[in-house]
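Shown next, in structure tokens, is the structure this report addresses.
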Amino acid sequence: MKTIKRYIIAVFMLLAVAGGVSAYAQTMQDGSYRTTGYIKSDGTVQDSSYRTIGHIKSDGTVQDGSYRTVGHIKSDGTVQDSSYRTIGHAKGVNMKWAACFFFFFFG
């Protein structure tokens, strides 16, 4: 019985560690491999110090850290500012990557 209990505890610990690792689904780095930011699986964008700088919603709405809309990424890759003016195109590019490029790290 003691062995089964230890096995169950070990499984739960592994699941907890795995869950913590997936919280930061993607890491962005510069040319020298220094971390510049993170894109979490829920669309939260953080800088290298884990401060939230924005949010990317599943509908393509891009918000700053204070939840103000700064832009939109359309399903066809059209990138628009908060007034729906087209500022670029990212056809075939992951929505989260396009949002980070245009609104958070390079734009």
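Computed from the coordinates by the stated procedures, all read-outs in this text should not be read as laboratory data. For clarity, every value in this text was computed on a predicted model and none was experimentally measured. Here Cβ is always computed from backbone atoms with ideal geometry, including for glycine, and neighbour counts include all displayed protein chains.
For residue 78, the residues whose amide H sits under 5 Å from its own are 90, ignoring neighbours fewer than 5 places away on the same chain, with H placed 1.01 Å from N. Computed about its Cα centre, the charge dipole of region 22-81 is approximately 140 debye, with only Lys, Arg, Asp and Glu carrying charge at their Cβ. Bridging of residue 57 to aspartates and glutamates at a Cα separation below 20 Å is possible for 42, 47, 76, 81, once same-chain residues fewer than 8 apart are set aside.
Between residue 41 and residue 69, the C-beta separation translates, for a Förster distance of 25 Å, into a calculated FRET efficiency of about 0.70.
As a ratio to 2.2 N^0.38 Å, the alpha-carbon radius of gyration computed for region 34-107 takes the value 1.00.
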